[in-house]
Amino acid sequence: MTDDVKRSALLAATLASFLTPFMGSSVNIALPSIGREFAMDAVLLSWVATSYLLAAAMFLVPFGRIADIHGRKRIFTYGILVYTVSSLLSAISTSAIMLICFRVLHGIGSAMIFGTGVAILTSVFPPRERGKALGINVAAVYLGLSLGPFLGGFLTQYLGWRSIFLVNVPLGLIVIAVVLKLKGEWAEAKGEKFDFTGSVIYSITLVAVIYGISLLPAMQGGLLIMIGVLGISAFVKWEMKVESPVFNMNLFRNNTVFALSNLAALINYSATFAVGFLLSLYLQYVKGFAPQNAGLVLVSQPVIMAIFSPFAGRLSDRVEPRIVASIGMALTTAGLFLLSFLNEKTALEFLLASLILLGFGFALFSSPNTNAVMSSVEKRYYGVASATLGTMRLTGQMLSMGIAMMIFAIYIGRVQITPEYYPLFLKSMKSAFIISAVLCFGGIFASLARGKVRISD
């Protein structure tokens with residue numbers, strides 16, 4: 001590939017990787033304003049975020065497969081277009097239901113981006129340069145996560161919540177302009193059939209599992225998760241017998257590196273995603289921080305991730321990715337364990353040190369783990385591999401929040417967190433961090449057990 005193609009691919013994928021987490025973290029800050037304008041109750045308001053996650057998870061793998069068949073650049077371009085249009089439509093929404101519907105459209109556009117961006121980078125960059133490119137891409141994700149709360153809070157306060165969606169429109173148009181200049185197309189599975197039945201089973205199964213987790217510990221949540229588990233079994237059986245599966249089970253059966261790298265990603269996100277949520281409540285309730293100051297403390301973690309992800313990516317080009325990723329998982333475990341000691345008198349320096357350690361650990365894990373996943377499959381599976389990794393991330397995020405909510409329900413119950421409940425809140429937070437640390441500790445062995453990556457070029 002020429003340097004121009006590499007630069008264009010990296011710029012387009014990196015901008016897109018910035019946009020989606022930036023939008024997600026910005027919208028979370030704006031939720032109270034949205035709720036007030038549309039008079040939404042807590043459950044309905046939660047669907048502004050959940051509808052996006054669900055739609056993205058449902059369509060990730062199907063669109064990854066479609067991209068492998070019909071062209072990754074084509075699906076990526078359509079995805080940015082859908083994302084940009086849905087941003088505009090969200091900004092002009094006149095009701096809660098309308099906004100939620102457009103957030104579903106947002107999720108579909110994001111799925112098309114997630115399922116193809118990393119696959120395009122893996123197609124364009126040779127193995128010796130792949131880790132560096134993926135590291136830059138991961139850094140863009142963390143930059144979006146870092147800037148989202150600050151810029152989202154600023155825009156919401158001074159220009160209203162609709163401005164968050166509107167600012168994504170020109171950014172989306174810039175990405176479209178860049179990707180249209182990108183020469184070439186990548187569709188190594190061209191001519192193969194698309195498994196529509198498998199895609200439907202897959203999507204329904206994911207909805208049942210993720211929505212079930214969001215309802216825990218209620219009985220309906222457990223029932224939906226059971227339905228989801230049965231759906232997974234049906235999906236696996238179907239994919240094993242169909243000629244051109246949407247999800248090639250042989251990638252898991254015959255590829256230990258791919259299977260265990262994805263498992264490691266699922267564990268890592270399940271252990272870490274709720275950290276920001278828990279610490280935001282801790283800083284504002286127990287420590288009495290203003291939202292802006294709480295954001296300044298919490299930004300230390302994604303900033304460290306953004307700084308060190310490119311370094312970790314380059315390191316995984318020289319050192320075996322599983323070693324770098326496993327060290328990252330171990331440091332993440334240590335960071336989570338330190339956070340379990342937080343109380344009402346904990347010094348700010350201790351919290352910052354724990355977050356910096358956590359951020360450094362995650363940076364060492366994420367880029368090399370992505371490199372291991374993408375380098376372990378043939379070119380014609382890059383889209384599916386990228387989408388599978390994205391699905392592990394989204395499912396892990398929902399599991400992480402599910403664990404936190406379930407612990408809250410057990411310790412505190414469905415009440416507002418007021419001063420008399422602070423001791424119970426601290427106990428529940430401690431339990432959540434201990435469970436997360438144990439989970440992440442188990443992830444170290446999944447990461448180490450994957451074996452050496454055999455690079456598929």
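The values are calculated or read from the model by the stated rules, or taken from the named source; none is laboratory data. Everything quoted here is computed from the prediction, not taken from an experiment. When we count neighbours, we look across all protein chains shown, and the Cβ atoms used for this are built from the backbone with ideal geometry, even at glycine.
Pairs meeting the criteria (first residue in region 83-103 and more than 17 Å from ILE176 (Cβ to Cβ), second residue outside any helix (DSSP H, G or I) and among the polar types (S, T, N, Q), beta carbons under 7 Å, at least 6 apart or on different chains) are LEU99/SER93; PHE102/SER93. Report yes if some residue within region 278-297 is without any contact (Cβ under 8 Å) to a residue 24 or more places away in the chain, in a helix (DSSP H, G or I), of a type in the set (S, T, N, Q) and surrounded by 18 or more Cβ atoms within 10 Å (Cβ to Cβ); otherwise report no. The answer is yes, given that some residue of region 278-297 is without any contact (Cβ under 8 Å) to a residue 24 or more places away in the chain, in a helix (DSSP H, G or I), of a type in the set (S, T, N, Q) and surrounded by 18 or more Cβ atoms within 10 Å (Cβ to Cβ). Report whether or not ILE164 is in a helix (DSSP H, G or I), touching a residue at least 24 places away in the same chain (Cβ under 8 Å), under 21 Å from the mean Cα position of the chain (by Cα) and under 30 Å from ASN293 (Cβ atoms). Criteria met by ILE164. Taking GLY117, is it buried (at least 24 other Cβ atoms within 10 Å of the Cβ) and under 17 Å from ALA55 (Cα atoms)? Here the answer is no, as GLY117 does not meet what is asked. If we keep just the residues of region 72-99 that are crowded, with 21+ Cβ neighbours inside 10 Å and at pLDDT below 90, which is farthest from VAL169 (Cα to Cα)? Restricting to residues being crowded, with 21+ Cβ neighbours inside 10 Å and at pLDDT below 90, the top hit is ARG72.
Against the condition assigned to a helix (DSSP H, G or I), among the polar types (S, T, N, Q), surrounded by fewer than 22 Cβ atoms within 10 Å (Cβ to Cβ) and not assigned by TED's automatic domain parsing to the domain that holds TYR381, how does SER8 come out, does it pass?
On the way: assigned to a helix (DSSP H, G or I): yes; among the polar types (S, T, N, Q): yes; surrounded by fewer than 22 Cβ atoms within 10 Å (Cβ to Cβ): yes; not assigned by TED's automatic domain parsing to the domain that holds TYR381: yes.
Yes; evaluated as a whole, the condition is true for this residue.
Within region 314-351, the residues that satisfy the criterion of being in a loop (DSSP other than H, G, I, E, B) and not β-branched (Val, Ile, Thr) are GLU320, SER340, PHE341, LEU342, ASN343, GLU344, LYS345, ALA347.
Do we find a residue being in the same structural domain as PRO32 (by TED's automatic domain parsing), on the phi < 0 side of the Ramachandran plot and of a type in the set (A, V, I, L, M) anywhere in region 197-205? Among the residues of region 197-205, not one is in the same structural domain as PRO32 (by TED's automatic domain parsing), on the phi < 0 side of the Ramachandran plot and of a type in the set (A, V, I, L, M), which makes the answer no. Annotation note: of GLY212, GLY221, GLY228, the sole residue that is under 23 Å from the mean Cα position of the chain (by Cα), in a helix (DSSP H, G or I), modelled with pLDDT of 85 or more and not hydrophobic (A, V, I, L, M, F, W, C) is GLY228. Can you find a residue that is in contact (Cβ under 8 Å) with a residue 60 or more places away in the chain, over 30 Å from SER26 (Cβ atoms), in contact with a Pro (Cβ under 7 Å, 6 or more places away or on another chain) and not in a helix (DSSP H, G or I) anywhere in region 243-257? Yes; the residues of region 243-257 include at least one that is in contact (Cβ under 8 Å) with a residue 60 or more places away in the chain, over 30 Å from SER26 (Cβ atoms), in contact with a Pro (Cβ under 7 Å, 6 or more places away or on another chain) and not in a helix (DSSP H, G or I).
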